[in-house]
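The values are calculated or read from the model by the stated rules, or taken from the named source; none is laboratory data. Computed from a predicted model, the values in this text were never measured in an experiment. With ideal geometry, Cβ positions are generated from the backbone for all residues, glycine too; neighbour counts draw on all protein chains shown. These area figures cover heavy atoms from the full protein model, side chains too; ligands, DNA and RNA do not enter into them. Shrake-Rupley method; radii C 1.70, N 1.55, O 1.52, S 1.80 Å.
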Amino acid sequence: MLKLVEELVSRRRWLLNEIKKFEEKYGMDSSDFYEKWSKGLLPEPLDPEIHGDFMIWYGLIEELYRVEEELRKRLKPR
């Protein structure tokens, strides 16, 4: 189990690093971006590169949430 937790922590660290790049590039906090993009409050970017970035950013945040949930399950006292 320790090996899995170490892998999840490493994955989480990588995800946070990648997400930070998008936050810096677009000047927006990921929680704000995620909420607005999920609710359709951000207009669809016309620029394909920006649209692609938004799709990747959203996917990274989803993966971060999944990894953090898995970590909570693994580290939860029994």
Kirkwood-Stokes translational diffusion coefficient of the range 16-74, alpha-carbon pairs, 37 °C, 0.692 mPa s, µm²/s: 272 µm²/s
In deg cm²/dmol, rounded to the nearest 500, the helical mean residue ellipticity at 222 nm of the chain, built from -39500 (n - 2.57) for every DSSP H run of length 4 or more, is -27500 deg cm²/dmol
Taking Cα atoms, the helix 48-75 axis meets the longest principal axis of the chain at an angle in degrees (rounded to 10) of 20 degrees
Distance between modelled label sites at Lys3 and Asp47, nm, 7 Å Cα→Cβ extension: 4.4 nm
Once the in-chain neighbours fewer than 8 apart are removed, the lysines whose Cα is under 25 Å from Lys25 read Lys36, Lys39
Hey, any idea what % of the chain's accessible area is carbon plus sulfur with a 1.4 Å probe? 56 percent
For the range 3-78, calculate the relative contact order in percent as a whole number, restricting contacts to Cα pairs under 8 Å that are 6 or more residues apart. 51 percent
Please list 41-51, 8-18 highest first by mean number of surrounding beta-carbon atoms within 10 Å per residue. 8-18, 41-51
Unit charges at the beta carbon, dipole of the chain: most positive-side option, Ile56, Val9, Pro45: Val9
Plugging the Cβ-Cβ distance of Arg78 and Asn17 into 1/(1 + (r/R0)^6) at R0 = 35 Å yields, to the nearest 0.05, a FRET efficiency of 0.65
As I understand it, the value is the acute angle between the Cα axis of helix 2-26 and the longest principal axis of the Cα atoms of the chain; what does it come to in degrees, rounded to 10? 20 degrees
